[in-house]
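S.K.: Structure incoming, see below.
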């Protein structure tokens, strides 16, 4: 299907539409297929994908080697388990692919209405059968089956929900092109219908008239090539057989041909129609060429540090294996052995020792991680009390990293605060109108009361100024108004700030009533109810220059009573330079005062525009929006033409209350030794006051400010001053940065290390006036300067996505500004305070469990492999096995598979409440106490010691060096039993809850599996076939007194391990051990007795 060609859709009377290039509609172009396999390709492709893993190539090499003539082990004992693992993974792939097919079918078999050019009516059709150029009819709450170009909408405008595409929950307005809007006004198109009470059949007939009119007028659409960028859609429309009526209509509306198209005239696939009776549209881009599909891309996978350590451990084992195999070759040559050539000896010893890299290692690791993720998903203490939603571990691969976090980077608005904006204050002409919030003491809203008093009497001072300020709030916004069955209005906006402004205007009597698109135009009419008996006020908004994180302002160019106005609102540091004069001292003092109260401030300004200039500027603005290249720069240049010389009308201040539990949560996180940074776009004073209320900055904390930076030299000076100021704070100081400082310091090789050193020398940092990319760059700075530190970013909005994706761990909060942060996160939660149990409970335990798991898994298989290494020396490198091969095969998959998962996965250390009351426990992960060089070395030395003893004692006491004798294999089988006893006992020793039912039960189950394998292989006809040399070994072990003595006395060597382990725990205990010990023992009243509890 060609992606590089522009497409043409041509409609003609009494003919089906022509689509060029013709092969665009070949097959089923709107069919979605995300499955990876078919029933015929499933197994081959699954196996191909599995062998992209180095581990599987390793085991494939071993499986081939055991099939060589003279192999020391039977091929079936290795090949069969490996095939089982491959087939199990293939079945898992098939199951996952089946789920994908179910999702595909749910979308492909969805129903829509398509215009049938033969019957000239709309008929039901499946999504997968829709073709490019089809004319579609969509009703409320239905999704659009393709990227469509609007032809007609009820009331001239359509409201769509894009939550499935970009996560934003606010409704977006879309409209037909001016040419199509003009055609819809013709009598031949039928009279428009509105209201939910209209019958669907009436709508279908109206839509059919519209579709037929497109054919009669000869609509030709030229569309751009499919592009992934959501705002990058363009093309043009012309009427090839235009009637006189249509020509007259378009001329009266000043619509030119070709009529240029922009993204506002299209709706992406998957968006849902809301609050609109119907939409007639044309399928422009289908299936894989739609925006939704083009934007599906695989994010770079994050890999945990423990996964990296595991991979390094496996690499180390392979290196050890290669070294030992070379060692045997060298010794074989030195001893003059001629039974095998050097290559055979190398390969056969590789085969003998291949299980030093266990086939079950990665399977166990994935199961362990999956279980940890499920624990997060089911934790009731992280269930939102308002929505009932639980936390969601969107990936379980990073759970243990949440137990090692060194830095937390947090957004402010919506993360620490509720993002429920309440209009608090306004200042007009230097006069604060009072507090608009409800005062429970006076049972009144003083600011609202005063404003109503001013607006009620036109002769009052400030009446005109106050009215103009709130009228601008009622007009300059992108909020939509909805009415319920009782006629009560509610507002929906792109952010809570917008809604708060409109609600404040409503409260003072300037009520935003409706937004209606003008026919054949991109302008819309804003209707505002006047104050008191004043008639409705109408503004025609010709364009909206939207708010972005870079612009930090929003403007509309509107017409009122023949006069053009630019109405603008934005942050004070942005608006100041855009005003006709600097903000006066009274305004500046008000801004500072509001900010110190923790309120979010905006400057509201406007200016009148000359009519002739406005007409020309609107043409340039429309042209800039339609540019195929350089559109953003052209739009910015056009905006700069009107956003200057503004006259300040006043200041607004909004309160964003802290979420419940935020101060307590931050205190706990700081007490755990984690450094906390707040990254926000807010004003410095506002951010600092909010942070103080969060207890991040204490009243007695020394703060170093690095703001209003001018260049790199100034940045270095500010850093040096801050270092001197915080030198004597012993790490308890705080740092305040702003966007200007970050801009210059991040770009400087001199400042970057200095900034990081200052960051780790302080307890907390607040960064203000930041853009989304600056947030991410600060996270990346810490990652670059401290390669072993773990960073966590938490946020709730689209401006936090870059930061969340840049950190080691991204936490998304389900906010009120969409789901973008959640969609980009690794874990989703509903409130900031849930971060405490996530780190102190789940993260801490996950680190302990995974660290112990990695050490134990490597220890377990080294212990088994040591026996073969010792026997190699005893047999003078004869390339023979030490343990029965079927026992070795059962070792990782049956006998020792479940204990580590149950003992570590289901253990219980201390209750969550106690864990959160003792944040000092988190230091285990911060200092990597449970996985470091010393700990890892001790496990490896234990493996060498235990493996040697398990092999040598039985072999030397009751065994033989004759590889074909029954004494050798009875001793070998006993050595194998001792290995299992040793490793299970070692697991019991490190278990947090060693006497729990699950721990003792699973160890008993492992022992039962060991005995079952032993007696099946040695005492059953099946065993005689599989392992003939072991015949009678089980009976010998349990009937011979010498064998029994060795079997029961050798494990007493573990008493030495136990004594050493307990001594270390007593004199150098883990913090967790100390807390558990205190909980176990407590003093009984005043008699001084120590009694056991819990």
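S.K.: If you count the DSSP beta bridges with both ends in the chain, what percent of them are antiparallel, to the nearest 5? Spell out each step's value before the answer.
M.R.: Working: 101 of 131 bridges.
Roughly 75 percent of the beta bridges in the chain run antiparallel, per DSSP.
S.K.: In addition: Using 0.36 nm per residue, how much length does the chain from residue 442 to residue 14 gain when fully extended, once their Cα-Cα distance is taken away? Numbers along the way, then the final one.
M.R.: On the way: separation 428, 0.36 × 428 = 154.08 nm, distance 7.39 nm.
Computed gain between residue 442 and residue 14 is 146.7 nm.
S.K.: Sequence gap at least 6, Cα distance under 8 Å: using those rules, report the relative contact order of the chain to the nearest whole percent. Can you show the working numbers first?
M.R.: Working: 2017 pairs, mean separation 115.4, N = 1094.
With pairs under 8 Å counted, the relative contact order is 11 percent.
S.K.: What is the distance, in nm, between label points placed 7 Å from the Cα along the Cα-to-Cβ direction at residue 1020 and at residue 1068?
M.R.: 4.7 nm
S.K.: Another question, if that's okay. Which FRET efficiency value, to the nearest 0.05, do you get for residue 96 and residue 380 by plugging their Cβ-Cβ distance into 1/(1 + (r/R0)^6) with R0 = 30 Å? Present the calculation step by step, with values, prior to reporting the outcome.
M.R.: Numbers: r = 29 Å, r/R0 = 0.96.
Efficiency, rounded to the nearest 0.05: 0.55.
S.K.: Could you give the length gained on full extension between residue 615 and residue 248, defined as 0.36 nm per residue of separation minus the Cα-Cα distance, in nm?
M.R.: Extra length available between residue 615 and residue 248 comes to 129.9 nm.
S.K.: Enter the angle in degrees (range 0 to 90, nearest 10) between the Cα long axis of helix 684-693 and the first principal axis of the Cα atoms of the chain, meaning the one along which they spread out most.
M.R.: With both axes taken from Cα atoms, the answer is about 50 degrees.
S.K.: Let me ask you something else. Based on the Cβ-Cβ distance from residue 585 to residue 489, what FRET efficiency comes out when R0 is 41 Å, to the nearest 0.05?
M.R.: After rounding to 0.05, the efficiency reads 0.55.
S.K.: Okay, moving on. Say a paramagnetic label sat at a point 7 Å from the Cα of residue 68, along Cα to Cβ; which residues of segment 876-906 have their backbone N under 17 Å from it?
M.R.: Hits in segment 876-906 for residue 68 at 17 Å: 877-881.
S.K.: Next up: Classify segment 933-999: rounded, prolate or oblate, from the alpha-carbon gyration tensor (a ≥ b ≥ c, eigenvalue square roots; a/c under 1.5 rounded; otherwise prolate if a/b is larger than b/c)?
M.R.: Numbers: a/c = 4.36, a/b = 1.81, b/c = 2.40.
Oblate, because a/c is 1.5 or more while a/b does not exceed b/c.
S.K.: Using only helices, what value at 222 nm comes out for the chain when you add -39,500 (n - 2.57) per DSSP H run of length 4 or more and divide by the total residues, to the nearest 500 deg cm²/dmol?
M.R.: Calculated at 222 nm, the ellipticity per residue is -14000 deg cm²/dmol.
S.K.: Next question, about the same structure. Pick the calculated Kirkwood radius over Cα pairs in Å for this structure from (1) 36.8; (2) 34.5; (3) 33.0?
M.R.: It is the value labelled (2).
S.K.: Output the 0 to 90 degree angle, nearest 10, between the alpha-carbon long axis of helix 933-957 and the longest principal axis computed from the alpha carbons of the chain.
M.R.: Here the helix axis deviates by roughly 30 degrees.
S.K.: A follow-up question, please. Between Rg and the Kirkwood Rh of segment 6-126, both from Cα atoms, what is the Rg to Rh ratio?
M.R.: Values: Rg = 25.1 Å, Rh = 19.3 Å.
Answer for segment 6-126: 1.30.
S.K.: How many nm separate the modelled label positions at residue 760 and residue 720, each set 7 Å beyond the Cα in the direction of the Cβ?
M.R.: A separation of 2.3 nm, rounded to one decimal place.
S.K.: Please give, to one decimal in nm, the separation of the simple spin-label points placed at residue 457 and residue 1058, each 7 Å out from Cα toward the Cβ.
M.R.: The answer from the label model is 9.2 nm.
S.K.: In the P(r) worked out for segment 773-883, what percent of Cα pairs fall beyond 24 Å? Before the final figure, lay out the partial values.
M.R.: On the way: 3030 of 6105 pairs.
Every Cα pair in segment 773-883 considered, those over 24 Å come to 50 percent.
S.K.: Cut-off 13 Å, label point 7 angstrom out along Cα-to-Cβ of residue 996: give me the residues of segment 823-846 whose amide nitrogen falls inside.
M.R.: 845-846, by backbone N distance to the label point.
S.K.: With axes computed from alpha carbons, what is the tilt in degrees of helix 361-377 against the longest principal axis of the chain, rounded to the nearest 10 within 0 to 90?
M.R.: 40 degrees
S.K.: With r as the distance between the Cβ atoms of residue 908 and residue 139 and R0 = 56 Å, compute the FRET efficiency 1/(1 + (r/R0)^6) and round to 0.05. Could the numbers behind the result be given before it?
M.R.: Numbers: r = 54 Å, r/R0 = 0.96.
Approximately 0.55, to the nearest 0.05.
S.K.: May I ask for the Rg/Rh ratio of segment 422-655, computed from Cα atoms with Rh as the Kirkwood radius, given to two decimals? Don't jump to the answer; show the numbers that get you there.
M.R.: Details: Rg = 17.8 Å, Rh = 18.5 Å.
Radius of gyration relative to Kirkwood radius: 0.96.
Every number in this text was worked out from the coordinates using simple rules, so none of it is lab data. All values reported here derive from a predicted model rather than from experimental measurement. Counting neighbours? That spans all protein chains shown, and the Cβs are built from the backbone with ideal geometry, glycine included.
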